[in-house]
Amino acid sequence: MIPRTIGSLPASVVVRGDPEAVITGITIDSRAVRPGDLFIAIRGGIEHVGEAVRAGAAAVAVDETELERASEAPNLLVTFSVIRLLQCIGDVNAAASDALRIGITGSTGKTSTKDTIAHLIAGERRVVAALEGHNNEIGYPLTLARIEADTEVVVCELAMRGRGQIAELCAIASPDIAVITNIGVAHLELLESVDAIAAAKAEIASGVREGGRVVIPFAEPLLDPYLPEGAHIITFGDEAGSDVQLIDRRPRDDGQSLTYLIGGDLLTLETNLAGRHHARNLAAALAVCRDLELDLDVVVERARTIPSQPMRGEALPLPGGATIVNDAYNANPASMEAALRLLAETSVTGRRIAVLGLMAELGPDTERYHREIGALATRVGVDMVVAVGPIARAYLVGARGETAGYAVTDFESAVELLAGLIQPGDRILVKGSKAAGLGPLPAALADRLQPGTA
């Protein structure tokens, strides 16, 4: 954060202490307080004011309704809404900086594309990137508040579950470059149609600052009605005519080799990220890098070591020689398809096993989407499907008995089943929405397979 006195903060009043006290950071988590931070007591945070003060918080901000409960804070601000205060501070901090703002949204691939863009740019620019999950009305301003005086680029992630939410985030601080990774089936329970999803995602295109650019998939007709007239559009994809076109992809055991056509020139690189979906996300990232006029030789070198988040395709060896892939952070039909296709193209000496939990928030066609994924698993060559939970049984219906299938009630049952089934050389994909609760399964299975464990 760019240092600021508490008396100069917007949407708040200093009711105790020194208005000239300087804060150098913002946090809403008392466990993460560093000396000089402003602790904003949000969503139960009032219970932890004392902890924040003892950890070195320079000041505390509370809702006016909680004023009497903040007795331990030597420098105290009061506001009508701590969330609104956080948003105003993010806005003010961003406005005080010349940092270029990149905003990323899409039905799938937001976080991986954000991480890829930030990693590639960091070879030449000082970058601040959104932390895991910082993509909503609280996380977005927290990212903006981390901009420092020497920050050159801030890479933000913008999520939504309904119309108007991305527009509200852009109103806090507009991006200079907006990236839409894709339009797919997600959040249908609230948005009801893929067209409505496209409209909601396209709000970021209308939210860019004057002179901004919009990076979108090539030939995505769902976006066309919602892109503002005169927008500066940059496209990516594997179709001829894309500004950044993926023209060749060669999977490797440790990633893939990719060739892109960019402005008439070929660019070949090696990356540790596997799968066509990552190749397309990387195309979007290259479009941003080219727009920023970065040295593509540096970009190519950094593409070899792009970081990935936990539970997003995380491969772990199991006792006995099998490998399990934890991709259980979340799931929708597009990301499920990408994960299954990657499983199918990965070389194995044993079997390909998919342990699949439900895909949430798909509305009235939930069962159909699950059947279609089950059919896809059979079509791409998955050897076995383990369906976890009642809704997930539809995967087995879609597979129509052409792939070995098992239905279990929960991840503990899946662990017991897999412990008796897997063989050396097997590769096991674990994927489902957060509601499926499959995140702990890989570690539980590894423990279960330890020698001497019954």
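The values are calculated or read from the model by the stated rules, or taken from the named source; none is laboratory data. Since we're looking at a predicted model, the values are computed, not measured. Neighbour counts are summed over all protein chains in view; Cβ atoms, including those assigned to glycine, are modelled from backbone coordinates with ideal geometry.
Within the group SER71, SER30, SER12, which residue is among the polar types (S, T, N, Q), more than 21 Å from ILE172 (Cβ to Cβ) and crowded, with 19+ Cβ neighbours inside 10 Å? Talk me through it step by step, then tell me what you get.
On the way: SER71 fails: crowded, with 19+ Cβ neighbours inside 10 Å; SER12 fails: more than 21 Å from ILE172 (Cβ to Cβ).
Going through SER71, SER30, SER12 in turn, the sole match is SER30.
Please determine, by comparing only the residues of the stretch 405-416 that are out of contact with any strand residue (DSSP E or B) (no Cβ under 6 Å at 6 or more places or on another chain) and at pLDDT 95 or above, which one is surrounded by the most Cβ atoms within 10 Å (Cβ to Cβ).
VAL415
Within the stretch 129-164, work out how many residues are modelled with pLDDT of 95 or more and charged (D, E, K, R).
6
Any residue that is over 30 Å from the mean Cα position of the chain (by Cα), at pLDDT 95 or above, closer than 23 Å to PRO442 by Cα and of a type in the set (Val, Ile, Thr) - is there at least one of those in the stretch 380-394? Don't jump to the end; show me each part of the working.
Pass one, the stretch 380-394, residues over 30 Å from the mean Cα position of the chain (by Cα): none.
No; the residues of the stretch 380-394 include none that is over 30 Å from the mean Cα position of the chain (by Cα), at pLDDT 95 or above, closer than 23 Å to PRO442 by Cα and of a type in the set (Val, Ile, Thr).
What do you reckon, is VAL397 surrounded by 24 or more Cβ atoms within 10 Å (Cβ to Cβ) and over 20 Å from ARG276 (Cα atoms)?
Details: surrounded by 24 or more Cβ atoms within 10 Å (Cβ to Cβ): no; over 20 Å from ARG276 (Cα atoms): yes.
Here the answer is no, as VAL397 does not meet what is asked.
Only one of ALA59, ALA52 is buried (at least 19 other Cβ atoms within 10 Å of the Cβ), under 30 Å from the mean Cα position of the chain (by Cα) and closer than 23 Å to GLU148 by Cβ; which? Give the steps one after another, and end with the answer.
Details: ALA59 fails: under 30 Å from the mean Cα position of the chain (by Cα).
The unique qualifying residue is ALA52.
Go through the stretch 288-319 and give me each residue that's within 22 Å of the chain's Cα centre (by Cα), surrounded by fewer than 18 Cβ atoms within 10 Å (Cβ to Cβ) and outside any loop (DSSP other than H, G, I, E, B).
ARG304, THR305, GLU314, ALA315, LEU316
Restricting to the stretch 341-365, count the residues that are assigned to a helix (DSSP H, G or I), surrounded by fewer than 24 Cβ atoms within 10 Å (Cβ to Cβ) and either in contact with a strand residue (DSSP E or B) (Cβ under 7 Å, 6 or more places away or on another chain) or at pLDDT below 95 (or both). Steps first, answer last, please.
Taking the stretch 341-365 as the starting set, the residues that turn out to be assigned to a helix (DSSP H, G or I) are 341-345, 363-365.
From what's left, surrounded by fewer than 24 Cβ atoms within 10 Å (Cβ to Cβ): 341-342, 344-345, 363-365.
From what's left, either in contact with a strand residue (DSSP E or B) (Cβ under 7 Å, 6 or more places away or on another chain) or at pLDDT below 95 (or both): 344-345, 363-365.
Of the residues in the stretch 341-365, 5 are assigned to a helix (DSSP H, G or I), surrounded by fewer than 24 Cβ atoms within 10 Å (Cβ to Cβ) and either in contact with a strand residue (DSSP E or B) (Cβ under 7 Å, 6 or more places away or on another chain) or at pLDDT below 95 (or both).
Surrounded by fewer than 23 Cβ atoms within 10 Å (Cβ to Cβ), in the same structural domain as PRO175 (by TED's automatic domain parsing) and modelled with pLDDT under 95, is that true of SER107? Please lay out each step first, then the result.
Working: surrounded by fewer than 23 Cβ atoms within 10 Å (Cβ to Cβ): yes; in the same structural domain as PRO175 (by TED's automatic domain parsing): yes; modelled with pLDDT under 95: yes.
For SER107, the condition - surrounded by fewer than 23 Cβ atoms within 10 Å (Cβ to Cβ), in the same structural domain as PRO175 (by TED's automatic domain parsing) and modelled with pLDDT under 95 - is met.
Can you tell me which condition VAL208 does not meet? The list is (1) free of Cβ contacts under 8 Å to residues at least 24 places away in the same chain; (2) part of a loop (DSSP other than H, G, I, E, B); (3) within 21 Å of ARG101 (Cα to Cα); (4) not basic (Lys, Arg), and all the others hold.
VAL208 satisfies every listed condition except (1).
Among the numbered conditions (1) farther than 30 Å from ALA199 by Cα; (2) among the charged types (D, E, K, R); (3) not assigned by TED's automatic domain parsing to the domain that holds LEU9, tell me where ASP91 comes up short.
Of the numbered conditions (1) farther than 30 Å from ALA199 by Cα; (2) among the charged types (D, E, K, R); (3) not assigned by TED's automatic domain parsing to the domain that holds LEU9, the odd one out for ASP91 is (1).
May I ask you to say which residue of VAL215, VAL299, VAL288, VAL244 is touching a Cys at 6+ places or on another chain (Cβ under 8 Å) and in contact (Cβ under 8 Å) with a residue 40 or more places away in the chain?
Of the residues listed, the single one that is touching a Cys at 6+ places or on another chain (Cβ under 8 Å) and in contact (Cβ under 8 Å) with a residue 40 or more places away in the chain is VAL299.
When the stretch 320-340 is examined, which residues are found to be assigned to a loop (DSSP other than H, G, I, E, B) and either buried (at least 21 other Cβ atoms within 10 Å of the Cβ) or in contact with a helix residue (DSSP H, G or I) (Cβ under 9 Å, 6 or more places away or on another chain) (or both)?
Let us first name the residues in the stretch 320-340 that are assigned to a loop (DSSP other than H, G, I, E, B), namely 320-322, 328-332.
Selection gives ALA322, ALA328, TYR329, ASN330, ALA331, ASN332.
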